[in-house]
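Asks: This is the structure I want to talk about, given as structure tokens.
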Amino acid sequence: MSEPIESTERLTLPPADERRRRLLYAAVAATAGLGGAGLAWWKYAAPGGAEPVAPSLWTRKFNTPAGAVLDLQAFRGKPLVLNFWATWCPPCVEEMPSLDRFYRENSAKSWQVLGLAIDRQSSVRRFLTEYPVAYPIAMAEVEGSELGQSLGNLSGGLPFTVVIGADGSVLQRKIGRLASGDFQAWAAL
């Protein structure tokens, strides 16, 4: 039996074929990247308010940190900023004064803000004693994570904010800390 012959030569393509192959790979990668970015923009931007929230959203009830029951039906028919947060989430805590200011400045214009805490009730009560806000807070706990996913937060990240129009359509979704431009855009709606 003969031994295999080892070769130190590499198979190389002519320069024009190598260039075409690299351009083809780059084009495929760019197309995939643009397609993914376009899909994410379409899904999370909710342009034109065309995507309604599920009617079951308005049937949900949550406890407040004080133990009262908060019925989401009470928020139906007016624009709503629904903010998922936790006391252990630094960006959540950092954006709360801005959410509070937006609520105070725009509640007379029918804007509502609701903070849904993905946290323990005792932690939220203690936190709100030290850092009170004017807008309502409810205890979403595990159900809040499921609700966030149904509203488009597939990663489960916090903070997560959904802006719902008076007609019940999703106007904006955002994972991460809100910026001043977000509040200005909402006030202009």
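Asks: Using 0.36 nm times the number of residues separating D71 and S107, minus their current alpha carbon distance, what extension gain do you get? Show your work: numbers first, answer last.
Replies: On the way: separation 36, 0.36 × 36 = 12.96 nm, distance 1.84 nm.
Extra length from D71 to S107 when fully extended: 11.1 nm.
Asks: Shifting gears a bit: To make sure I understand, if each residue's beta carbon is the centre and we count other beta carbons within 10 Å, what order do F102, F84 fall in, fewest to most?
Replies: Going from least to most buried by this count: F102, F84.
Asks: For the stretch 46-187, what does the relative contact order come out to in percent, with C-alpha contacts under 8 Å and a separation of six or more?
Replies: 32
Asks: Also, quick follow-up: Given just the C-alpha atoms of the stretch 105-189, how large is their convex hull per residue in cubic angstrom?
Replies: Looking at the stretch 105-189, the number lands at 109 Å³ per residue.
Asks: Only bridges with both residues in the stretch 46-187 count here: give the DSSP antiparallel percent, nearest 5.
Replies: So the antiparallel bridges in the stretch 46-187 amount to around 60 percent.
Asks: For the stretch 63-138, what is the convex hull volume of its Cα atoms per residue in Å³?
Replies: 83
Asks: Next question. For the stretch 46-187, taking Cα atoms only, what is the radius of gyration to one decimal and the Dmax to the nearest whole Å?
Replies: Using the Cα atoms of the stretch 46-187, the pair Rg, Dmax is 13.8, 40 Å.
Rule-based calculations on the coordinates, nothing more; no lab input. Since the structure is predicted, the reported quantities are computational estimates derived from the model, not experimental observations. A quick note on method: Cβ atoms are made from the backbone with ideal geometry, for glycine too, and the neighbour counts reach across all protein chains shown.
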